[in-house]
Amino acid sequence: MTVKATAALVALSLAATTAGAQAGGQRPAQQPVRPKCDIQSQGSTKVSAAYEALQRFNGAQTEAEKPKALSDAVRNLTEPLDKPEAETARQWVLGQALVAWTLVEGQPTVGQRGTYGYATDPQGTIDLLYAADTVFDAVLAKVPECAEQIDNMRRLPYVATVNKAVELFNAGNTDSAKVLAERAMVIYPDAAPTYHLLGNIAVKQQDYPKAVELLGKAAELAAGDSSLADVRRTALESVATITQNQAQAAQGEEQKALAAKAAGYYKDLLAMQPDNSNAQTGLAQSLAMAGDTTALSGIYATMLAQPDKYSSFELLDAGVGALNNERNAEALPLIEASVKRNPYYRDGLFALAYVYDATGDYPKMVDAVKRLLAVDPSNPDNYNLLSKAYQGIIASLTDNGAKKPYTDSLVKASAAAQKLPVRVTFGDFQQPAPDQRVLNGTIENLGTAPADYVLKLEFLDASGNVVTTKEETVAGVQPKASKTFAVPATGQGIVAFRYAPLTPPQ
């Protein structure tokens, strides 16, 4: 008899039909026949009895019937074999029985051998996944043409195990999820989803070098498999971001090497999603750190050719990257395009002032700083920027009469910077959800007495309309000390903010 994989365990019958066979048994000469996966019982009553027990397992009407059927199958297969030439068939059916045990609800996959029906060493301990892996390896060595059927059989306990691991991870049980994910690799070692899950676990545990290794492997294994496109995409997104962050924290040649590696991940991501603007800006930042000026010019040119494809934040990131790398001619149009899209965003206006300073356009710098002060009025650094802009204009003039109004403005801006008793600075402007923002920052007391501050914020859309308002009290700030704040805001279209000048401490 031909010993097939039972239908309830795997959809494919083990004895596959011959590829290319025609009705009359004739085959085109140019289409070779694929070898059959055909494992015979060699007349073994033990193998046949075990196979019948597996069929009883598949047809069981209640859960209680299943362990008895599987125990009968394993017992027949672990008693002395009546036909030594049926060894491969014995291992194949034993592998199926062990897999079936892993699918029984509530049944542990490690336990006493006798629990699972083993006739030999019943008091010993067995790991079903390792045992199944061993017998499948033995079958594959003898019948390599059955590779596809063996692979399908391995997938069954793998899928069940890794799905439980994902559930545990999503529930916050990271350590347990890791244990199960690593066990899934016993029976199916080269699966992209497992590496992806383990990579995310490493991120959660802040083991970033390990995360890079695992996520990179996930992306590699998922390449070329359309069913794993999402796994490859998310793995590339994560590993590119982590590697870029590592590059930003490094210096010298190490930074360049890490940045080049991050750029490679971003390029792979863009090959999948050419319109992924986040990947495009990430690639630009990585190329800048890596010092690849030729490739970087191409990225900036692409962004400037179609700026509407990118958000104001992406254009700003690229522009600041260009500015930091002293590529002022490319930084200027990128930052101007960002501010045009989002004219009230504090960081964009700050970068605009800096790029005008770098390019020597001081009249435009004055305008940019005044717009900056309208949204960020309680930071003396902004008044110092304004002073610098006036100094630039004065240096360009030869007529002392023409210099006087700018000199007066310079004196006024410098005095304002010195008199401000508080400094407000901003860290980031997070977007945890499409309609949510969190503004993080710090208030520094420059005065000589403790003070309480009330930060009155307006959150704006791209047209400057107020979407929502918030008040945040930052109390008990000691002299020459600072306190942080985090202000959440909810509303559609929030892309900027402004606040009222802080009342000086009394």
### Query
Pick from region 174-206 the residues that are open to solvent by 70 Å² or more (accessible area, probe 1.4 Å) and more than 23 Å from residue 101 (Cα to Cα): which of them is nearest to the chain's Cα centre (by Cα)?
204
#### Entry: Cβ pairs under 7 Å, 6+ apart, first in region 57-83 and of a type in the set (Phe, Trp, Tyr), second open to solvent by 40 Å² or more (accessible area, probe 1.4 Å)
57/66
### Task
Look through region 372-400, keep the residues that are surrounded by fewer than 16 Cβ atoms within 10 Å (Cβ to Cβ) and in contact (Cβ under 8 Å) with a residue 40 or more places away in the chain, and return whichever of them is nearest to residue 412 (Cα to Cα).
381
### Query
For residue 358, are the conditions met, namely being hydrophobic (A, V, I, L, M, F, W, C), open to solvent by 10 Å² or more (accessible area, probe 1.4 Å) and modelled with pLDDT under 90?
no
## Note on the structure
Counted residues in region 320-339 being over 14 Å from residue 288 (Cβ atoms) and of a type outside the set (Ser, Thr, Tyr) come to 7
## Note on the structure
Here, helices (runs of 4 or more DSSP H) confined to region 289-371 with at least 1 residues that are in contact with a Lys or Arg (Cβ under 6 Å, 6 or more places away or on another chain) and in contact (Cβ under 8 Å) with a residue 40 or more places away in the chain are 312-324
### Query
Within the bounds of region 152-163, is there any residue that is out of contact with any His (no Cβ under 7 Å at 6 or more places or on another chain), buried (at least 19 other Cβ atoms within 10 Å of the Cβ), closer than 20 Å to residue 272 by Cα and not aromatic (Phe, Trp, Tyr)?
no
### Boolean, residue 257 is more than 15 Å from residue 290 (Cβ to Cβ), of a type in the set (A, V, I, L, M, F, W, C) and in contact with a helix residue (DSSP H, G or I) (Cβ under 9 Å, 6 or more places away or on another chain)
no
### Summary
When (1) in a helix (DSSP H, G or I); (2) open to solvent by 20 Å² or more (accessible area, probe 1.4 Å) are applied to residue 413, the one that fails is (2)
### Summary
Flagged pairs (Cβ under 8 angstrom, 6 or more apart or on separate chains; first in region 185-210, without any contact (Cβ under 8 Å) to a residue 24 or more places away in the chain; second of a type in the set (Ser, Thr, Tyr) and crowded, with 20+ Cβ neighbours inside 10 Å) are 185/194
#### Entry: Any helices (runs of 4 or more DSSP H) falling wholly within region 61-147 and containing at least 2 residues that are open to solvent by 50 Å² or more (accessible area, probe 1.4 Å)
65-78, 128-142
### Any hit, region 266-283, residues being surrounded by fewer than 22 Cβ atoms within 10 Å (Cβ to Cβ) and either in contact (Cβ under 8 Å) with a residue 60 or more places away in the chain or within 24 Å of residue 160 (Cα to Cα) (or both)
no
### Message
Please determine whether any residue of region 182-190 is among the hydroxyl-bearing types (Ser, Thr, Tyr) and not in a loop (DSSP other than H, G, I, E, B).
### Response
no
### Query
Can you tell me which residues in region 443-470 are touching a strand residue (DSSP E or B) at 6+ places or on another chain (Cβ under 6 Å), touching a residue at least 40 places away in the same chain (Cβ under 8 Å), among the aliphatic types (A, V, I, L, M) and surrounded by fewer than 16 Cβ atoms within 10 Å (Cβ to Cβ)?
454
### Message
Residues that are under 20 Å from residue 375 (Cβ atoms), at pLDDT 95 or above, in contact with a Ser or Thr (Cβ under 7 Å, 6 or more places away or on another chain) and assigned to a loop (DSSP other than H, G, I, E, B): does region 423-442 have at least one?
### Response
no
### Query
Hey, any hits in region 445-460 for a residue that's under 27 Å from residue 339 (Cα atoms), small (Gly, Ala, Ser) and not in a loop (DSSP other than H, G, I, E, B)?
no
### Task
Filter region 241-282 for residues that are within 25 Å of residue 305 (Cβ to Cβ), out of contact with any Leu (no Cβ under 9 Å at 6 or more places or on another chain) and acidic (Asp, Glu) and give the result.
275
#### Entry: Residue that is under 16 Å from residue 317 (Cα atoms), open to solvent by 40 Å² or more (accessible area, probe 1.4 Å) and modelled with pLDDT under 95, where the choices are 304, 287
304
## Note on the structure
If we ask which residues in region 471-505 are farther than 21 Å from residue 342 by Cβ, open to solvent by less than 40 Å² (accessible area, probe 1.4 Å), aliphatic (A, V, I, L, M) and assigned to a strand (DSSP E or B), their number turns out to be 2
### Query
Under 6 Å by Cβ, and 6 or more places apart or on different chains, what pairs join a residue from region 111-130 that is on the phi > 0 side of the Ramachandran plot with one that is of a type outside the set (A, V, I, L, M) and open to solvent by less than 50 Å² (accessible area, probe 1.4 Å)?
117/71; 121/113
### Task
Go through region 239-251 and give me each residue that's open to solvent by 40 Å² or more (accessible area, probe 1.4 Å) and either under 15 Å from residue 206 (Cβ atoms) or assigned to a helix (DSSP H, G or I) (or both).
241, 245, 246, 248, 249
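The values are calculated or read from the model by the stated rules, or taken from the named source; none is laboratory data. What you see is a predicted model, and the numbers here were worked out from it, not measured in a lab. With ideal geometry, Cβ positions are generated from the backbone for all residues, glycine too; neighbour counts draw on all protein chains shown. What goes into the accessible areas is simple: the full protein's heavy atoms, side chains included, and nothing from ligands, DNA or RNA. Shrake-Rupley method; radii C 1.70, N 1.55, O 1.52, S 1.80 Å.
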